[in-house]
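Undergrad: My structure is below; once you've seen it, I'll send some questions.
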Amino acid sequence: MSYKNLLWAVQDETVIVTINRPDKLNALNTETLAEIKDAISKFKADKTLRGAIITGSGEKAFVAGADISEFSEFKEQQGYELSKNGHDIFNLIESSPKPILAAINGFALGGGCELAMSCHLRTAAPNAKFGQPEVNLGLIPGYGGTQRLIQLIGKGRATEYLLTGDMIKAEQALNWGLVTHVFDNELISNSIEILKKIYAKSPIAIGKTIDCINAYFNPDEDGLKFEIKAFSECCGTVDFIEGTSAFLEKRKPNFPVS
């Protein structure tokens, strides 16, 4: 896969998508966002890939924010289109039936923090720092940050950091649940090990679980009713037959790749 601002590398069943603009601290411009959309669409369609990792090139930044030079003179309608496009792309990540993990190797600020939060899982290096500093620019987060930060760390903490623009260090992010692991070394390989645990489970059940988690935060859905429907849709599937048979036969299940 060839991109201008992304690197695409496959390790077994995992694709590693690296934001590759190190001279700009991997800032998100329009072209990079379009490439992320294309890469995630290809990942979702590729049946040989069971999970994805998004990370940044270099040791300083995951993604240090949006490329401000692109929109510093925008008016309201242009701002609407920019934000809507970002929401659409990050919703594409969040709705993936296959797990996507953000491996945060440095600054994850503004749009970078929002990109990380749209992923299903987040791991971090010790030097990672998170923040939504948009208020310093006369803006608010525009790619879902005002909503996802509350979902992940709670209203009180999120309100403080959204209003002050302060940064959260890796250990603080771990304590608050913004990330689930801080790895002192081998961030990517340790992150792949997490995904491998998921690969051993039912692909159908993984996808349905992701749908149910997202339904909890969807005001148009009744999460409990959604769960009943998703549970029923699992019954009778090839994964259900294999999983229950393996349990009764006291063996490990061998789920087919969806």
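Undergrad: Loop-only GluC sites (Glu not before Pro) in the range 41-105, please: DSSP not H, G, I, E or B, and at most 15 other Cβ atoms within 10 Å.
TA: Here the sparse-neighbourhood loop sites are Glu59, Glu73.
Undergrad: Then there's this: Quick one: the Cα spread of the range 203-248 along its three principal axes, in angstroms, biggest first?
TA: Extents along the principal axes: 38, 15, 14 Å.
Undergrad: Give me the net charge for the shell around Thr159: Cβ to Cβ below 15 angstrom, other residues only, Lys and Arg +1, Asp and Glu -1.
TA: 0
Undergrad: In nm, to one decimal, how far is the modelled label at Asn127 from the one at Lys225, with both set 7 Å along Cα→Cβ?
TA: 5.1 nm
Undergrad: Sticking with this structure for a sec: Return the sequence-ordered ³J(HN,Hα) values of the range 193-205 in whole Hz as given by the Karplus equation 6.51 cos²θ - 1.76 cosθ + 1.60 applied to θ = phi - 60°, using x for Gly and Pro.
TA: Once θ is set to phi - 60°, the couplings for the range 193-205 become 4, 4, 5, 4, 4, 5, 4, 6, 9, 5, x, 5, 5 Hz.
Undergrad: Can I ask one more? Which far-off residues, 5 or more places away or on another chain, put their amide H under 5 Å from the one on Phe107, with H placed in the peptide plane?
TA: Counting only residues 5 or more places away or on other chains, the set is Ala61, Phe62, Lys129.
Undergrad: For the range 36-48, in order, what is each residue's ³J(HN,Hα) by Karplus, 6.51 cos²θ - 1.76 cosθ + 1.60 with θ = phi - 60°, in whole Hz (x at glycine and Pro)?
TA: 3J(HN,Hα) across the range 36-48, in whole Hz: 4, 4, 5, 5, 5, 4, 5, 4, 5, 7, 8, 6, 7.
Undergrad: Name the aspartates and glutamates eligible as straight-distance cross-link partners of Lys4: C-alpha to C-alpha under 16 Å, and not fewer than 8 places from it in the same chain.
TA: Within reach: Asp23, Glu31, Glu35, Asp38, Asp67.
Undergrad: Report, in debye and to the nearest 20, how large the dipole of the range 1-144 comes out about its Cα centre when Lys and Arg carry +1 and Asp and Glu carry -1 on their Cβ.
TA: Value, rounded to 20: 380 debye.
Undergrad: So between Ser69 and Asn136, what do we pick up on full extension, going 0.36 nm a residue minus the alpha carbon distance?
TA: 22.6 nm
Undergrad: Tell me which aspartates and glutamates have Cα within less than 15 Å of Lys250's Cα, excluding those fewer than 8 residues away on the same chain?
TA: Glu242
Undergrad: Where q = 0.07, 0.16 Å⁻¹, what log10 of I(q)/I(0) comes from the Debye formula for the chain, counting one point per Cα?
TA: Log10 I(q)/I(0), no solvent term: -0.25, -1.23.
Undergrad: Can you tell me the dipole magnitude for the range 63-167 around its Cα centre, using point charges on the Cβ only (Lys, Arg +1; Asp, Glu -1), in Debye to the nearest 20?
TA: 460 debye
Undergrad: By how many degrees, between 0 and 90 and to the nearest 10, does the Cα long axis of helix 238-248 differ from the longest principal axis of the chain?
TA: 60 degrees
Just so you know, all these numbers are worked out from the coordinates, no wet-lab data involved. Owing to the predicted nature of the structure, the values given are computational and were not obtained by experimental measurement. FYI the Cβ positions are ideal-geometry reconstructions off the backbone, even for glycines, and counts take in every protein chain you see.
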